[in-house]
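For reference, the structure discussed in these notes is given below.
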Amino acid sequence: MQSQRGASIEIKSLRVWLGQREVIRGISLSIPSNTVFTIMGPSGSGKSTLLRAINRILDIYPESRVEGSVYIDGVDIYSGRIDPSDVRKMIGMVFQIPNPIPNMSIYDNVALGPRINRIVRDKKELNELVKWALERAYLWDEVRDRLGKPAGELSGGQQQRLCIARALAMRPRAILMDEPTSNLDPVATAKIESLITELRKILTVVLVTHNPFQASRVSDYVAFIYDGRLIETGSASKIFTRPESELTEKYVTGRMVS
Amino acid sequence: MGRKMARGEMLFRSFALSNILIIAIVAVMVILLGSEGVMIYIKEGVSFISTSIWSGARESYGILFALGGSIITSIIAIIIALAIAIGSAVTLSELAPQSMRLFLSSLTDLSASIPTVIYGLWGLYILAPAVGWITREWIPESVRSILGTPGSIGTSLLTASILLSIMISPFATAMIREALSSVPRSIDEALYSLGLTRFEVVVLKLRYIRRAIATAMMIAYGRAVGETIAVSMVVGNVVNPEFWRILSPGYTISSLIADQYQNAESYNYMVPAIFGAALVLFVIGVMINIYVTLITRGQRL
Amino acid sequence: MRKISSYIGLSAMIALFVAGIAPIAHLIAIVSIKGIQVISSNFPSYLFQERALPGSSEVGGVGPYILGTLVLVAIASAMGIPVSIFAAIYTTQSIRSRVGPVTSTIVRALIEFPTIIVGLTVYGMLRWLEAVLGLLGIQSPIPRFSALSGAIALAIVMLPFIYTQTEESLRGVPIHLREAIYSLGASRIAASMILVRYVRASILAGIGIGVGKAMGETAPLLFTAFGRDIYPESSPRMLFEPIGSLTLAIYNMGLSGYSNWVDSAWGAAFILLAISIGLFIAIRILSAR
């Protein structure tokens, strides 16, 4: 399977309210295709909310309200004609706390997306897809002999890689990752960081983290969010060596309490 | 992306028809009750609820006897149920050993799912004769001249009250138990550390949750007023204008409606009269519900 | 001194508890004893025969009533279960619709309706239907006193219980599970199916509660099913004619003065009680999952 063109994402004047609180106060960003784009910032800055606006998973929270536009490959996904579930078929998501369906087998967890959305024609295709996804998630070798076992038996790091495989099985053009390693130990974290850098060959990765050091390790581009506003954005090398804003500098040198 | 407004989405939206059906049915029910129920008031005026008469032959209807019967039997029922529910809640939550707790509380829950007609049958052939016997042997003539005498098989308003209290106690017990378990541990510990006896602690906890108890009793009252079948089997179904004579048989609104179902269509105005009575019953229920909603909105239980 | 009054007070509490539970224990015991007596003396024909003549020395049977209960509950379930579940699914999975919360409020009110009023208003609605269709010269498809009418009344009675249980169990699914499913691009209908499967034990318990209620109710049937003491002819026509039920039979036979009918009432009561307790236990087991 050759590398695909990842999606390019353009956020224009996005404002998001959760209840009465304005959490995102007018952010505009460009995310180039096939890159690892990291949204970083201290806790409470709104980065998780920003991420959730990209695949419209915000829609399932009744208190949320969105203004502005998000363009995926030039199409505004917030325009009236678009069905949110179509957006999410194209953009996968991985959450901070791994959330496999616990009693379901490893195989069935990965196959969940393709099955619900009927994107494969037969069992053979599905088997290949599951294998491909697990390989990309650096999990295949560890579970190849126990695909039928319940997902709940895996360790935390393995469960998270399972969730990555599950998202990949949909062959998305982009994948959103909300602090995927903050609940994991350093070894598990390192594994996932290395697979992230590999993933950019086949899709666009948008990563959210509160750890500036992780951001510096994996990113091509970075956006620094503070209190719902975009403070600075640019290539990783620039932001980490010559940040323009004082806030950014405080953050990347680890002097901002998260 | 966005080409087909998926069939799945259409299917999901069609689920809303079920919601609309439910809302429509209840709306029609209420409108019907209102419009059919009001008709008898046009014929009889206020006397429909201020006089005591129920005669198909004379086409004359006044449900005061039943209204009084409903109110009195339910009041007595919740007084008795209050005692039983408090005792049961305290026993189950505070006194019973852990091992028995599940079994006993399950037994209490089970009793809430016994069909009411079986309560009625038991009431008619076990409770009523007992009430009749006790009245004849133990209640002096002087008292009976004020409170009345049960029917030959022991049917009376008091019998109905007792049966009602047995039926509504499980629900009241459950609500009071829930309230008791919501009392913060810290209060428990504080009271015991002051050296109070177990009983004194229990009494104070009950005082602490008195609003929840009052609400439970209000809801139980609503259920007692609405209970039909068990009551109609033991209340005697006799027009008793002196409904305060609780040892005599009588009617409640619900038992009146149930008792008349077979000859309702034989007379011109009986069906409207039945709807009129049902409207009164419904209004009482709504008033209780509004009252309870206001009380529980006002304070966090 | 205080210790003594504490002892007395707590004993009073226990006494009140016993006073409340003793009648129920007695009820279960006596219904079982008398009921088993009646059934075993006439087993198994009791389950199939029609009732004997009043005052005769025979007890006869409750066959038509068992059939009636089965027919009424089956049709009521066919109507009530899908409506409740679909409505609860729509309420929980639709995010910005107002139909959902309105439905929940109305259902909460419906639970407290005295069931006699449910039956009476169904009767009233069918009378209205007859009148309206009569103006157009059409006969109403649902006669006032019929099995269908009784089933409608029972469906309305069971609806709030199934709806509430389904709604609560769907809302109880942890948010991260819903996020996982929706983030894979599931449509609302696909996600609903997965979530329903996930909480199916709880939904089944709710159905059990609803069916139990429907089976044990008498008042809604008075003005609708009306009651019938002989077997209906075994054709779809029976749905359009009055029908009996175990509950109606217990009510009428229990109130009659005839001792053989009263005996039969105890038998029917035992059958009903046994099924109710069985359902109760089944629901408890399902809810434990």
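Within the stretch A:103-150, if we keep just the residues that are in a loop (DSSP other than H, G, I, E, B) and under 21 Å from the mean Cα position of the chain (by Cα), the residue that is surrounded by the fewest Cβ atoms within 10 Å (Cβ to Cβ) turns out to be A:138. For residue B:202, the conditions (1) surrounded by 21 or more Cβ atoms within 10 Å (Cβ to Cβ); (2) of a type in the set (Val, Ile, Thr); (3) under 25 Å from the mean Cα position of the chain (by Cα) all hold with the exception of (3). Within the stretch C:76-109, the set of residues being surrounded by fewer than 20 Cβ atoms within 10 Å (Cβ to Cβ), under 19 Å from the mean Cα position of the chain (by Cα) and not small (Gly, Ala, Ser) comprises C:79, C:82, C:108. A single member of C:106, C:85, C:89, C:116 is in contact with a helix residue (DSSP H, G or I) (Cβ under 6 Å, 6 or more places away or on another chain) and closer than 21 Å to residue B:293 by Cβ, and it is C:106. So for the stretch C:14-37 (the condition being of a type in the set (Phe, Trp, Tyr) and at the interface with chain B (Cβ under 8 Å from one of its Cβ atoms)), does at least one residue qualify? Yes, some residue in the stretch C:14-37 is of a type in the set (Phe, Trp, Tyr) and at the interface with chain B (Cβ under 8 Å from one of its Cβ atoms).
Among the residues of the stretch B:34-83, those identified as surrounded by fewer than 23 Cβ atoms within 10 Å (Cβ to Cβ) and within 17 Å of residue B:215 (Cα to Cα) are B:75, B:76, B:79, B:80, B:82, B:83.
Just one of the listed residues (C:205, C:268, C:190) is closer than 30 Å to residue A:100 by Cβ, in a helix (DSSP H, G or I) and either within 10 Å of another protein chain (Cβ to nearest Cβ) or modelled with pLDDT of 95 or more (or both), and it is C:190. For the stretch C:228-254, the set of residues classified as among the aromatic types (Phe, Trp, Tyr) and under 15 Å from residue C:60 (Cα atoms) consists of C:231 only. Look at (1) in contact with a strand residue (DSSP E or B) (Cβ under 6 Å, 6 or more places away or on another chain); (2) not in a loop (DSSP other than H, G, I, E, B) and you find that residue B:243 fails only one, number (2).
Being crowded, with 19+ Cβ neighbours inside 10 Å and out of contact with any helix residue (DSSP H, G or I) (no Cβ under 7 Å at 6 or more places or on another chain) holds for only one residue in C:236, C:242, C:220, and it is C:242.
More than 25 Å from residue A:7 (Cβ to Cβ) and either in contact with an Asp or Glu (Cβ under 6 Å, 6 or more places away or on another chain) or at pLDDT below 90 (or both) - does that describe any residue in the stretch A:215-238? Scanning the stretch A:215-238 turns up no residue that is more than 25 Å from residue A:7 (Cβ to Cβ) and either in contact with an Asp or Glu (Cβ under 6 Å, 6 or more places away or on another chain) or at pLDDT below 90 (or both).
Screening residue B:59 with (1) touching a residue at least 60 places away in the same chain (Cβ under 8 Å); (2) of a type in the set (Asp, Glu); (3) within 14 Å of chain C (Cβ to nearest Cβ) gives one miss only, at (3).
For the stretch B:157-167, the set of residues classified as within 14 Å of residue B:108 (Cβ to Cβ) and touching an Asp or Glu at 6+ places or on another chain (Cβ under 8 Å) consists of B:167 only.
Of everything in the stretch C:229-244, what is in a loop (DSSP other than H, G, I, E, B) and more than 19 Å from the chain's Cα centre (by Cα)? Give them in sequence order.
Keep residues of the stretch C:229-244 that are in a loop (DSSP other than H, G, I, E, B), which gives C:229-235, C:241-242, C:244.
Answer for the stretch C:229-244, where residues must be in a loop (DSSP other than H, G, I, E, B) and more than 19 Å from the chain's Cα centre (by Cα): C:229, C:230, C:231, C:232, C:233, C:234, C:235, C:241.
If you go through the stretch B:62-106 and keep only what is facing chain C (nearest Cβ under 9 Å), assigned to a helix (DSSP H, G or I) and of a type in the set (Gly, Ala, Ser), you end up with B:81, B:83, B:85, B:87, B:88, B:89, B:106.
Scanning the stretch B:189-240 for residues that are part of a loop (DSSP other than H, G, I, E, B) and not acidic (Asp, Glu) turns up B:194, B:195, B:196, B:197, B:209, B:228, B:235, B:237, B:238, B:239, B:240. Inside the stretch B:113-184, counting only helices (runs of 4 or more DSSP H) that do not spill past its ends, which hold 1 or more residues that are farther than 17 Å from residue C:262 by Cα and among the small types (Gly, Ala, Ser)? Here the list reads B:128-138, B:141-147, B:157-181.
Filter the stretch B:127-143 down to residues that are surrounded by fewer than 16 Cβ atoms within 10 Å (Cβ to Cβ) and aliphatic (A, V, I, L, M) and give me whichever is nearest to the other protein chains (Cβ to nearest Cβ). The qualifying residue nearest to the other protein chains (Cβ to nearest Cβ) is B:130.
Return yes when residue C:107 is at pLDDT 95 or above and either at the interface with chain B (Cβ under 7 Å from one of its Cβ atoms) or out of contact with any Lys or Arg (no Cβ under 9 Å at 6 or more places or on another chain) (or both) and no when it is not. Lay out the reasoning, then the answer.
Working: at pLDDT 95 or above: yes; either at the interface with chain B (Cβ under 7 Å from one of its Cβ atoms) or out of contact with any Lys or Arg (no Cβ under 9 Å at 6 or more places or on another chain) (or both): yes.
Yes: the conditions hold for residue C:107.
None of C:265, C:274, C:282 is buried (at least 21 other Cβ atoms within 10 Å of the Cβ) and within 20 Å of the chain's Cα centre (by Cα) except C:265.
Looking at B:235, B:239 in this structure, which one is away from chain C (no Cβ under 14 Å), closer than 16 Å to residue B:160 by Cβ and not acidic (Asp, Glu)?
Working: B:235 fails: away from chain C (no Cβ under 14 Å).
Criteria check complete, one pass: B:239.
Looking across the stretch C:116-132, the residues that are surrounded by 20 or more Cβ atoms within 10 Å (Cβ to Cβ) and more than 7 Å from chain B (Cβ to nearest Cβ) come down to C:118, C:119, C:122, C:123, C:126. Against the condition under 27 Å from residue B:25 (Cβ atoms), away from chain B (no Cβ under 12 Å), in a helix (DSSP H, G or I) and of a type in the set (A, V, I, L, M), how does residue C:73 come out, does it pass? Here the answer is yes, as residue C:73 does meet what is asked. Scanning the stretch A:26-78 for residues that are within 11 Å of chain C (Cβ to nearest Cβ) and over 21 Å from residue A:207 (Cβ atoms) yields A:59, A:60, A:61, A:62, A:63, A:64, A:65. Of the residues making up the stretch B:167-197, those that are more than 27 Å from residue C:24 (Cβ to Cβ) and within 12 Å of chain C (Cβ to nearest Cβ) are B:195, B:196, B:197. Looking only at the stretch B:267-301, residues that are within 22 Å of residue B:229 (Cα to Cα) and more than 10 Å from every other protein chain (Cβ to nearest Cβ) come to 6 in all. When residue C:224 is tested against (1) closer than 21 Å to residue B:21 by Cβ; (2) in a helix (DSSP H, G or I), just one condition goes unmet, and that condition is (2).
Restricting attention to the stretch C:219-236, does a residue exist that is at positive phi and in contact with a Ser or Thr (Cβ under 9 Å, 6 or more places away or on another chain)?
First pass over the stretch C:219-236, keeping only residues at positive phi: C:226-227.
Next, only the ones that are in contact with a Ser or Thr (Cβ under 9 Å, 6 or more places away or on another chain) stay: C:226-227.
For the stretch C:219-236, residues at positive phi and in contact with a Ser or Thr (Cβ under 9 Å, 6 or more places away or on another chain): present.
What residue, among those in the stretch C:236-258 that are more than 9 Å from chain B (Cβ to nearest Cβ) and without any contact (Cβ under 8 Å) to a residue 40 or more places away in the chain, is nearest to residue B:110 (Cα to Cα)? Among residues in the stretch C:236-258 that are more than 9 Å from chain B (Cβ to nearest Cβ) and without any contact (Cβ under 8 Å) to a residue 40 or more places away in the chain, the one nearest to residue B:110 (Cα to Cα) is C:252.
The values are calculated or read from the model by the stated rules, or taken from the named source; none is laboratory data. Because the structure is predicted, anything quoted here is derived from the model rather than measured. A quick note on method: Cβ atoms are made from the backbone with ideal geometry, for glycine too, and the neighbour counts reach across all protein chains shown.
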